[in-house]
Amino acid sequence: MLPSTTRALVTTLREDARMVVELVEQPLPAPGPDDVLVQVEAAPINPSDLGLMFGPALMAEATYELGRVEAPVPPAAMKALSARVGQPLGIGNEGAGVVVGAGTNAQHMIGRRVAAFAGAMYSQYRVIPAAECMVLPEGITARQGAAAFVNPLTALAFIETMRAEGLSALVHTAAASNLGQMLVRLCLADGIPLVNIVRSAQQVALLRAMGAHYVLDSTSATFSQELEQALAETGARVVFDAIGGGPLLGTILTAMERVATADGAYSRYGSTQVKRGFVYGALDMAPITLPRTLGFVWDVSGWLLSPMMERLGPEARARVHGRVAAELTTTFACHYKGELSLADALSREAVADYTRRATGSKFLILPCNSSIDM
């Protein structure tokens, strides 16, 4: 008999300017004809999940109790988030588990282990359209397949975006992250010049040990000179920025302009070389600052995985999905600091750890191991 309820983590922004994240019991709909019922075994905590989970809440002022976290939200953020007030939202963009039930058109999926980018995956059970599931290869565990979508597809879509711009090299910030390490392995395998920008000497050592050639510490006194040299050698004119705030993006684009004008030719409009900046993260919520030293041929825009995958078209999507499935334990392997049950994910210690968004602080939630949570 299929379960009729599930325990899940939900986040709600209340009218009294409090963000509440709690473990609740929810009704579970029966699978439709083309749906599967997945018992979720593993789901990662990605930065994008934290954006929904706690958003702009002041976590230093949070209060904790079993299965519940509550934190105040600043007035300015309340105005920006007015549309979500009072709505309980499921958390967890992606995850993996076993199909334990299915509609009439998806019976062949029962017993298969799948990964999905379906949202609300911090739940013991999840009803998902069968067409949105990736069947994992034999021998791949849920832990290995839990992060089969967000980071691997983002890394591959960076390269597809770069090629669509007619370019052949790229720059990546916050490059020591799990995603950054995947991108290093991917670019090494495909022979793509990659300029990695990190924030410590330890992160430089980490990526160089993986074989990365260009790894720059943005806190170094020689960063600007090293950046210009790396850009000149690689020809990189597109940057994918995970920071999202402050001066770093402007610094990178300015360095691209300096390299473009290194021949000494003068124009009051700057070079005609295209410089592209794609902001895909928000590790720094401060405004993005761009100096007036970029010339006039530049562009900065947001970058989001889902619409980018739609633009790629079915043939490209099938190609990247196939590559991810084939290289889950190599190129796209993901490493975790620890594993948490649903309730443990709301403990003071765990929240303080994974909300630091630091290299090496990625956690995995195991929803179906949560029978003693409440």
Checklist outcome for this item: extent check for the range 224-298: Cα max minus min per principal axis, descending, whole Å, gives 37, 25, 18
Item to check | Beta bridges by DSSP in the chain, antiparallel share as percent, to the nearest 5 | outcome: 60
Next on the checklist: With unit charges on the beta carbons (Lys and Arg positive, Asp and Glu negative) and the dipole taken about the Cα centre of the chain, which residue among ALA236, ALA102, VAL195 sits farthest to the positive side?
Outcome noted: ALA236
Checklist outcome for this item: The answer for LEU136, listing residues at least 5 apart or on another chain whose modeled amide H is closer than 5 Å to its amide H, is ARG113, VAL114, ALA115
Checklist entry - To the nearest µm²/s, what D does Stokes-Einstein give for the range 261-374 at 4 °C and 1.567 mPa s, using the Kirkwood radius over alpha carbon pairs as Rh? => result 68
Next on the checklist: Could you tell me how many cubic angstrom of Cα convex hull volume the range 64-143 has per residue?
Outcome noted: 151
Checklist outcome for this item: Quarter of the surface of the C-alpha convex hull for the chain, i.e. direction-averaged projected area in nm², equals 20.0
Checklist outcome for this item: Computed over the chain: longest principal axis from alpha-carbon atoms vs helix 178-190 long axis, angle to nearest 10 degrees, is 60
Item to check | Cα-centred dipole magnitude for the range 268-374, charges only on beta-carbon of K, R (+1) and D, E (-1), debye, nearest 20 | outcome: 660
Item to check | Sequence of ASP263, ASP344 when ordered by accessible area, the most exposed leading, probe 1.4 angstrom | outcome: ASP263, ASP344
Item to check | ³J(HN,Hα) computed for each position of the range 296-312 - Karplus, 6.51 cos²θ - 1.76 cosθ + 1.60, integer Hz, glycine/proline x | outcome: 10, 9, 8, 8, 10, 8, x, 9, 10, 4, 4, x, 5, 5, 5, 5, 5
Checklist entry - To the nearest 20 debye, what is the magnitude of the charge dipole of the chain about its Cα centre, counting +1 on the Cβ of each Lys and Arg and -1 on the Cβ of each Asp and Glu? => result 460
Checklist outcome for this item: When the chain is treated as a Gaussian network with springs between alpha carbons less than 10 Å apart, the largest mean-square fluctuation among GLU310, GLU339, GLU226 is found at GLU310
Item to check | Farthest positive-ward along the chain dipole, Cα basis, beta-carbon charges - from PHE223, LEU304, ALA265 | outcome: ALA265
Item to check | Straight-distance crosslink candidates among lysines, where the alpha carbon sits under 24 Å from LYS337 and sequence neighbours closer than 8 are dropped | outcome: LYS362
Next on the checklist: Under a Cβ-only charge scheme (Lys and Arg +1, Asp and Glu -1), can you give me the dipole magnitude of the range 226-288 about the Cα centre, in debye to the nearest 20?
Outcome noted: 260
Item to check | For the range 200-253: span of alpha carbons on each principal axis (Å, largest first) | outcome: 28, 24, 22
Item to check | Relative compactness, the range 96-208, computed as alpha-carbon Rg over 2.2 N^0.38 Å | outcome: 1.33
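Suppose only helical runs count, i.e. DSSP H with n ≥ 4. What mean residue ellipticity at 222 nm does that imply for the chain under -39500 (n - 2.57) per run, divided by all residues and rounded to the nearest 500 deg cm²/dmol?
-8500 deg cm²/dmol
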Item to check | Under Karplus coefficients 6.51, -1.76 and 1.60, residue-wise ³J(HN,Hα) of the range 192-205 in Hz, glycine/proline x | outcome: 9, x, 9, 9, 9, 10, 10, 10, 7, 5, 5, 6, 4, 4
Checklist entry - Which angle from 0 to 90°, rounded to the nearest 10, does the C-alpha axis of helix 150-164 make with the longest principal axis of the chain? => result 40
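The values are calculated or read from the model by the stated rules, or taken from the named source; none is laboratory data. Just so you know, these numbers come straight off a predicted model, no measurement behind them. Backbone-built Cβ (ideal geometry, glycine too); neighbour counts: all protein chains shown. The accessibility values were calculated without ligands, DNA or RNA, using every heavy atom of the protein model including side chains. Shrake-Rupley method; radii C 1.70, N 1.55, O 1.52, S 1.80 Å.
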